[in-house]
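Here it is, the structure, as C-alpha cells.
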Amino acid sequence: MNFIAVLDFQHLDNGIFLTAFARSLARRKKRGIIIHSDSEYTDRLIQTGMMREDAMRRSIRDLNHRLVALFADQGVPTIALNGYQKAMVTAGNGTTLSINRNEIDRLPEQPMLLLSGLAHSPDSNLPTPVSLPDFAFSLQRTYSVDAITLFSTSESSSIIKSDLPKRVALGDADSDFLEEHIPESFHGRDETVILSTADAFGKDE
C-alpha cells in the first residue's frame, strides 16, 4: 500500500469535498487504502428512533456503499469492504486492534481499497465501530506507510491556495492550528501525519 487516506466524520457529510476527493483519487497511479467511520448521518438515523450503536453500524455500512458508487462515477475502481468482513479488522479488549494483513493482501491488487472502521468483535455477534485514529495508525504500522493523510477541516483551505500538503507533528502543533485544520478525533495524538486538501491530494505523489 502506498498511502492511507482518512475520511473523517466532518468530511463524510460534505458532498463538495467528497466529489473533489474522488476526482483527485482518479489521478493517483499507485494503490492505497481509504478508510472511514461514520458521519452526521448517524445522528439523523438516531432522530428516527434508532439506538446509537445500531445507527452507527447502519451509517458506516451505507457510507461504504455510497462512497464506492461516488468513486465509480469518477472512474476509480474500488473494492469496498467493512472491517469485520473476513475479520480483516478485529477489535480486542480496550482499544486493541488487530489488522489481518493476509486477508487484505489476498484482494485484487489493482483497485483502490475502501475499508470501514466497523470491526469484527470476537466477544459479540455484532460488528463494532472502532476509533478512527486507532484504526488509521494500526494500518500505518501494519503496512509501514510513512504517514497517514488527513484532510484539513478549514473551509478556506479548499477554496484558496495554501501550503498544503505538508507534514504535521500532531503533538507539536499549537491549539489554534489543531482547531482550524485537524479533525477533532485526532486531537491529542502525537503521531506525524500528512495534512492535505481534496484537490491537492491528486498532486501529492
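The values are calculated or read from the model by the stated rules, or taken from the named source; none is laboratory data. Predicted model, so just to flag it, every value in this text is computed and none were measured. No Cβ is skipped: glycine too gets one built from the backbone with ideal geometry, and neighbour counts run over all protein chains shown. What goes into the accessible areas is simple: the full protein's heavy atoms, side chains included, and nothing from ligands, DNA or RNA. Shrake-Rupley method; radii C 1.70, N 1.55, O 1.52, S 1.80 Å.
Among the residues of region 73-85, what is the count of those that are under 16 Å from SER138 (Cα atoms) and either assigned to a helix (DSSP H, G or I) or open to solvent by 30 Å² or more (accessible area, probe 1.4 Å) (or both)?
Of the residues in that region, 1 qualify.
Within region 148-159, is there a residue that is touching a residue at least 40 places away in the same chain (Cβ under 8 Å) and open to solvent by 50 Å² or more (accessible area, probe 1.4 Å)?
yes
Out of (1) open to solvent by 50 Å² or more (accessible area, probe 1.4 Å); (2) outside any helix (DSSP H, G or I), what's the single condition that is false for GLU179?
Every listed condition holds for GLU179 apart from (2).
I'm trying to understand the selection: among the residues of region 1-22, which are open to solvent by 30 Å² or more (accessible area, probe 1.4 Å), within 13 Å of PHE151 (Cα to Cα) and among the aliphatic types (A, V, I, L, M)?
Passing the criteria: none in range.
Collect the residues in region 182-202 that are open to solvent by less than 10 Å² (accessible area, probe 1.4 Å) and small (Gly, Ala, Ser), keeping them in residue-number order.
Scanning region 182-202 gives SER196, ALA198.
May I pose another question? Which of the residues spanning region 28-51 are buried (at least 18 other Cβ atoms within 10 Å of the Cβ), in a loop (DSSP other than H, G, I, E, B) and free of Cβ contacts under 8 Å to residues at least 60 places away in the same chain?
The answer is SER39, and nothing else.
Looking at region 86-95, is at least one residue hydroxyl-bearing (Ser, Thr, Tyr), open to solvent by less than 70 Å² (accessible area, probe 1.4 Å) and over 21 Å from HIS11 (Cα atoms)?
Yes, some residue in region 86-95 is hydroxyl-bearing (Ser, Thr, Tyr), open to solvent by less than 70 Å² (accessible area, probe 1.4 Å) and over 21 Å from HIS11 (Cα atoms).
Need pairs with beta-carbon distance below 6 Å; first residue open to solvent by 10 Å² or more (accessible area, probe 1.4 Å) and within region 104-117, second hydroxyl-bearing (Ser, Thr, Tyr); sequence gap 6+ or separate chains.
Going by the 6 Å Cβ cut-off, the qualifying pairs are PRO111/THR78; MET112/THR78.
Can you tell me which residue among LEU25, LEU70 is touching a helix residue (DSSP H, G or I) at 6+ places or on another chain (Cβ under 7 Å), open to solvent by less than 60 Å² (accessible area, probe 1.4 Å), without any contact (Cβ under 8 Å) to a residue 60 or more places away in the chain and part of a helix (DSSP H, G or I)?
Sole residue among the options that is touching a helix residue (DSSP H, G or I) at 6+ places or on another chain (Cβ under 7 Å), open to solvent by less than 60 Å² (accessible area, probe 1.4 Å), without any contact (Cβ under 8 Å) to a residue 60 or more places away in the chain and part of a helix (DSSP H, G or I): LEU70.
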